[in-house]
4 protein chains.
Amino acid sequence: MNGNRFGRLFQISTYGESHGPGMGVVVSGCPAGLELDRAAIQAELDRRKPGQSHISTSRDEPDSVEIQSGIQDGYTTGTPIGLTIQNRDARSGKYEPFITAPRPSHGDFTYSAKFGTRNWGGGGRSSARETVNWVAAGAIAKQILETEDIEVRAHVSRIGDIESPPVTFEEMGKHTEETDVRCAHPETAAEMREVIEEYQRQGDSIGGAVSFEIQGVPRGLGAPRFDAVEARLGQAMMAVPATTAFEIGLGRGAGSVSGLERNDEWTVDEDGDPTPVENDHGGVQGGITTGEPIYGEVTLHAPTSIPSEQTTVDWETGEEKTVQVTGRHDPVLPPRAVPVIEAMAAITIVDFMLLAGRITPDRLDGRPGEYDTDYHPSRPE
Amino acid sequence: MNGNRFGRLFQISTYGESHGPGMGVVVSGCPAGLELDRAAIQAELDRRKPGQSHISTSRDEPDSVEIQSGIQDGYTTGTPIGLTIQNRDARSGKYEPFITAPRPSHGDFTYSAKFGTRNWGGGGRSSARETVNWVAAGAIAKQILETEDIEVRAHVSRIGDIESPPVTFEEMGKHTEETDVRCAHPETAAEMREVIEEYQRQGDSIGGAVSFEIQGVPRGLGAPRFDAVEARLGQAMMAVPATTAFEIGLGRGAGSVSGLERNDEWTVDEDGDPTPVENDHGGVQGGITTGEPIYGEVTLHAPTSIPSEQTTVDWETGEEKTVQVTGRHDPVLPPRAVPVIEAMAAITIVDFMLLAGRITPDRLDGRPGEYDTDYHPSRPE
Amino acid sequence: MNGNRFGRLFQISTYGESHGPGMGVVVSGCPAGLELDRAAIQAELDRRKPGQSHISTSRDEPDSVEIQSGIQDGYTTGTPIGLTIQNRDARSGKYEPFITAPRPSHGDFTYSAKFGTRNWGGGGRSSARETVNWVAAGAIAKQILETEDIEVRAHVSRIGDIESPPVTFEEMGKHTEETDVRCAHPETAAEMREVIEEYQRQGDSIGGAVSFEIQGVPRGLGAPRFDAVEARLGQAMMAVPATTAFEIGLGRGAGSVSGLERNDEWTVDEDGDPTPVENDHGGVQGGITTGEPIYGEVTLHAPTSIPSEQTTVDWETGEEKTVQVTGRHDPVLPPRAVPVIEAMAAITIVDFMLLAGRITPDRLDGRPGEYDTDYHPSRPE
Amino acid sequence: MNGNRFGRLFQISTYGESHGPGMGVVVSGCPAGLELDRAAIQAELDRRKPGQSHISTSRDEPDSVEIQSGIQDGYTTGTPIGLTIQNRDARSGKYEPFITAPRPSHGDFTYSAKFGTRNWGGGGRSSARETVNWVAAGAIAKQILETEDIEVRAHVSRIGDIESPPVTFEEMGKHTEETDVRCAHPETAAEMREVIEEYQRQGDSIGGAVSFEIQGVPRGLGAPRFDAVEARLGQAMMAVPATTAFEIGLGRGAGSVSGLERNDEWTVDEDGDPTPVENDHGGVQGGITTGEPIYGEVTLHAPTSIPSEQTTVDWETGEEKTVQVTGRHDPVLPPRAVPVIEAMAAITIVDFMLLAGRITPDRLDGRPGEYDTDYHPSRPE
């Protein structure tokens, strides 16, 4: 409603501005009995972190996550997990010129028009820094999904006009993290890097896309009509900063394909059940999962913060003026968006698993009404 | 949660299966004081109605809407509006072969896998017949938006490989309803019709896309981060049956565009306020509306019901068999999807207007606490 | 939000005014595989129905429920169940005097102040007629609970100063329906009837209370803090028309009881588990069920529609005037509130069962991902 | 859903356990433009704080609140306000005996039965320490209500058998904070104190009640049927730890009152509008506010933590044993519950004000679409 919550049974509530004291997220609905791996959360944050290479912003943030609640003896307790991340390297000074003179295509104008004010340092609430909360929460979602052998992977599939050939789930696992571009097709990654550097040199930036795939999702998830899997994934992905398109299965291309060509006929799987011979449907039919991998693509426009001169207007004086968005900015978004998109996908799928009762909301072992000696402490050491 | 509700302050709850006794929708959150035009609701249903031409299914449904509640003396009362639409022309017999042998790429398999059963006649709950509820509710949303001079228009922008040149909002208003193809570019409409008939002759079907545009939206709507305008529009559109892509602004194309090219610089409008010189951002920046038109495109895959022979599996016998989906089916979806997409857009925008307090939730005139003699009856006639 | 929805996973959305064409409720979240008993729904409606005796209104409504969707071969399909009930015996004429001159302590004034208008016939949306929707939905909830051996019972525990001695769950089952007063203690029922008739003779009405008890609830339901079982029951019961108090366990009386006296010590049950020796806590500790019966009481004020003369003000003329609320009205509310309170309790508990995964949301048999030959039709007969 | 969120447009999400690192609350939906008074938040926390006198626990917590986000130049920005409060004085050791041997009438048993585990130190998530979050959020709600001249007051109306005579709103304002008992009737406060000390001396505790009153609420708030004002207040109050009854207006007493006696006739106010001559209805008719003060009472049972010996069962050994709940505990709850109940009332009313559009959700000044020079910084100093 207010934009700061996502999820239905697996719920996240976030706060924080780019240059405020800190970011935070309340994760509510994580079942009890998960052996929570703090290092795995941190590792995801490190993937998203600025300053990883010269094709990302040089802002220096340790992004160290602190767990404030929700665990006992290393296991989740079913109660909300409060995560906080302090902001360290905030330098608001260079944002002063934009307080009343909005940067082109940023949220400066719209936040001030909506609220009459805004936290202007570093983009405030509109900054992509907010996604640190999503990645932290998504890392918990991933750990829950792991217990059901569900895995989300993503990689950079397009940068400008450079498009990666299709890659397998295994290739994503193997190659995505090999380069700072995060394209799982190594030769394409090299080409992309060149393109990025070229735009960077010109004081410009460039768009791109991230492909994602989710494997291990059981059949039967999703609640059509309005909570179809693709509808909730659509909301999740279109909330990622700078997204302009969400596609599932054949995506936009499905518009030029005939029914005969796209329809996935049924054959028999090893259990004697119907299984589709292909997966043009992208893992979802009638809004409900078939058990096939869910895959899709998310397009992100070019970063709006660019060093080149641009024209804006100061709404106090009513006069046009020239601005330059100096500072520490990414020349391209997809590489750092990979963990963000994985996180939103993981959160969405965990939510559906809980809603379908495929994961018991109260506890992972599905034995409500009993005390569990596995993760319940008999006595503290 | 369960998939049968949409909206936050403007809420719709729907029920109904393709071949059940009737469809229905509860519209909750329509402010009091709207002079409700039943004929306008019916007119929207007529646009969506089957049997409009030989490029749509020949199922014969009057789709006559009955208003069960929520009005007094012709004005809405602020209490829920119950709408019911009876099903008349249901012929379930021809669906018997598919009870345990799912049609390719339909919801037959997934509904049965999720629920262990399903209403199988005519696709049951997974049928696009459900959208009759959405269009009826959307017609109310449109009437509310009219009071604020906000208007939604859509047209068919792609069929197979035929793509319409860009059309203006005025052209959409003028030409969309001129042909049963609903493309607002008349020459392209003719080409599209040929393509559709060709696929129809071959016992096949073809995909396409619908473009939408919303004008008159004030600046300041939207609740980033998770309830960004594009995120909620994304959910709305991806819930439309057969959608595989949602794009806003430059959409998928934004991936190949540079920051300098896409960024919309600011200039001064007649009020002395900043206004963007272009609208590559599609009416939304930082998840909040700029006041510029919101525009985008929705891709719909080819209808899965085709007369050609296809292979499936009977899950009772575990054997493959050949099926033919005879019956009355659309060879292409975008033409009848136009009013559906307009409806979902209208519902989403009304919701944001209410959430931002731009329309007072209790009553259109925004004077809570007073009795209104304009639409409150002094005495019944 | 808008007041027309209740429930989280088991959701009801209602519409309808006292004198409109009809009432309706969408029940969403009923798991698939329930053999839905329409007669049992009707039986609950008959318990709530007006005209049952001369201590209830003489309005003559068959209250015949029609199931519009959500079933196949007699079993629920997991998709929304649309229920409609036509209004037959609406006589709005006698409400004309109150259009601009609100009846004392009714919703006439407040609805018009909020919305600027209202549906004035028979109280419109503020009429207790709305509870026909609740009872219909509650009858479905009861059928779901039956599959888990959970049962809700209620009876009239107070009328004016006449208070029933405590009765057992068995007595409620045996005696509640024996008299039109619905007090499960027969001698007290007789006394209550006399009191009611006395107030009725005087052109007055009288308040009272309903006690409820829920047996068979497993331990572990409830989601503290804000969704504690008593908090959600509190919302449910305080939404029942005319309620002024909700009590759980010792209720108001707990204020004068000491910790030592109220605390329920633990002993060992037959399974070797801790079980409380008493149930002063009313089945809930820390917002979560202990497995003991949940019990409480709901107070309802006297009906506000009374034949005696009262003073009101016409807001058009600004002048005081005398009104008499003639018509068909109940002299006391608890007897007809018994099925309403049972319904709201059942809806609340089903919701918690679903939220805790104790009933699988998708289907009663808890086997998502499989086709069920028990209730899935192999072939139609 | 998961119990950690409250509110619809004014939303709070909380986390934290009694002996964890810290407590926190995300407040989302506070309109922009409120000059946020941190000291006023702290003052409310100080009212709730332990260790205020020898009739409250001696746990020593500074309860110092830190604002992490949501403000700029001292004004709220409309984005979420993250509040954190560190736990300092946690001594978990003395809770070890109860890990597998639940204290009578605490949440020990039910949390472990639900989740299979629990954070056991100091009651963990079931501790009343959680209400520190509510009071912090409520302090913001109060500041918003102040801008509309709405005020909430509460005082201790009952302790055991000692009942305060009715007090006025003014008396509550004047006397509540004069004593640590927080009864606004000074003589009764003295009596109550004696009773409390007597129970404390006996190693026992005692129940009581808190009365609340809300003045300045405009007519027209509330969304019947399920979101009637009393229904949402009921949920709010029944979520307060240890509540066993919620009453509005005449409350439980309404059961013995006749219609003629309770009905509030209408007269004319200074504006020529109808106004009720009395307020037996407690400020709400038909679920909607009349503009009269809303008042009611909340009963709290005796603290369950008492120094006397009690019997429990160890679920590991299956054996009964005697426990003593030593430590720092309140002998009575109402005094410290006063600020908690005020907070929940304030949060509920703000929410209704936003939902009715009486306060514009985006910003207090109700001028969306404009930049506000009052609280928008022209230039940083």
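Structure notes:
- Considering region C:26-41, the residues that are without any contact (Cβ under 8 Å) to a residue 60 or more places away in the chain and not aliphatic (A, V, I, L, M) include one that is surrounded by the most Cβ atoms within 10 Å (Cβ to Cβ), namely C:SER28.
- Residue in region A:255-262 that is part of a loop (DSSP other than H, G, I, E, B) and open to solvent by 10 Å² or more (accessible area, probe 1.4 Å) present: yes
- Entirely in region D:129-224, the helices (runs of 4 or more DSSP H) that have 2 or more residues that are touching a residue at least 60 places away in the same chain (Cβ under 8 Å) and closer than 30 Å to B:ASP362 by Cα: D:131-146
- Taken over region C:60-80, the criterion of being surrounded by 24 or more Cβ atoms within 10 Å (Cβ to Cβ), within 8 Å of another protein chain (Cβ to nearest Cβ) and hydroxyl-bearing (Ser, Thr, Tyr) is satisfied by C:SER69, C:THR77, C:THR79.
- Matching residues, region D:11-25, being crowded, with 21+ Cβ neighbours inside 10 Å, at the interface with chain A (Cβ under 8 Å from one of its Cβ atoms) and either within 22 Å of D:GLY234 (Cβ to Cβ) or out of contact with any helix residue (DSSP H, G or I) (no Cβ under 6 Å at 6 or more places or on another chain) (or both): D:GLN11, D:SER13, D:THR14, D:TYR15, D:GLY16, D:GLY20, D:GLY24
- Qualifying position, being surrounded by fewer than 24 Cβ atoms within 10 Å (Cβ to Cβ), of a type outside the set (Gly, Ala, Ser) and assigned to a helix (DSSP H, G or I), among C:ARG8, C:ARG47: C:ARG47
- For region A:105-124, the set of residues classified as at the interface with chain B (Cβ under 9 Å from one of its Cβ atoms) and either surrounded by fewer than 24 Cβ atoms within 10 Å (Cβ to Cβ) or assigned to a strand (DSSP E or B) (or both) consists of A:HIS106 only.
- Test: residue in region B:125-138 that is within 9 Å of chain A (Cβ to nearest Cβ) and more than 15 Å from the chain's Cα centre (by Cα): yes
- Residue match in region B:54-68 (condition: in contact with a Ser or Thr (Cβ under 7 Å, 6 or more places away or on another chain) and touching a residue at least 40 places away in the same chain (Cβ under 8 Å)): no
- Residue-level analysis places D:GLU319 among those that are at pLDDT 90 or above and of a type in the set (Asp, Glu).
- Flag if B:GLU163 is more than 17 Å from the chain's Cα centre (by Cα) and loosely packed, with under 15 Cβ neighbours inside 10 Å: no
- Per the listing C:THR311, C:THR326, the residue uniquely part of a loop (DSSP other than H, G, I, E, B) and surrounded by fewer than 18 Cβ atoms within 10 Å (Cβ to Cβ) is C:THR326.
- Residues of region D:225-246 that turn out to be open to solvent by less than 10 Å² (accessible area, probe 1.4 Å) and either closer than 28 Å to C:ILE159 by Cβ or assigned to a helix (DSSP H, G or I) (or both), as a count: 14
- Residue in region D:72-93 that is modelled with pLDDT under 95 and assigned to a helix (DSSP H, G or I) present: yes
- Against the list (1) under 27 Å from A:ILE359 (Cβ atoms); (2) surrounded by 24 or more Cβ atoms within 10 Å (Cβ to Cβ), the condition A:GLU213 fails is (2).
- Whether a residue is open to solvent by 10 Å² or more (accessible area, probe 1.4 Å), modelled with pLDDT of 95 or more and more than 22 Å from C:ALA343 (Cα to Cα) was assessed, and C:GLU194 passes this test.
- Residue match in region A:344-366 (condition: crowded, with 17+ Cβ neighbours inside 10 Å, within 10 Å of chain B (Cβ to nearest Cβ), assigned to a strand (DSSP E or B) and in contact (Cβ under 8 Å) with a residue 24 or more places away in the chain): no
- Sole exception among (1) modelled with pLDDT of 95 or more; (2) under 30 Å from D:SER112 (Cα atoms) for D:ASP314, by number: (1)
- Top-ranked residue of region A:264-284 - restricted to ones that are free of Cβ contacts under 8 Å to residues at least 12 places away in the same chain and on the phi < 0 side of the Ramachandran plot, ranked as surrounded by the fewest Cβ atoms within 10 Å (Cβ to Cβ): A:GLU270
- Yes/no for A:THR304 being at pLDDT 95 or above, within 7 Å of chain B (Cβ to nearest Cβ), open to solvent by less than 30 Å² (accessible area, probe 1.4 Å) and not in a loop (DSSP other than H, G, I, E, B): no
- Top-ranked residue in region D:211-230 [being within 7 Å of chain C (Cβ to nearest Cβ) and more than 16 Å from the chain's Cα centre (by Cα); ranked as farthest from C:ALA236 (Cα to Cα)]: D:ARG219
The values are calculated or read from the model by the stated rules, or taken from the named source; none is laboratory data. Keep in mind the model is a prediction, meaning the values are calculated, not measured. All Cβ positions, glycine included, derive from the backbone under ideal geometry; neighbour counts span all protein chains shown. Calculation scope for accessible area: heavy atoms of the full protein, side chains included, ligands and nucleic acids excluded. Shrake-Rupley method; radii C 1.70, N 1.55, O 1.52, S 1.80 Å.
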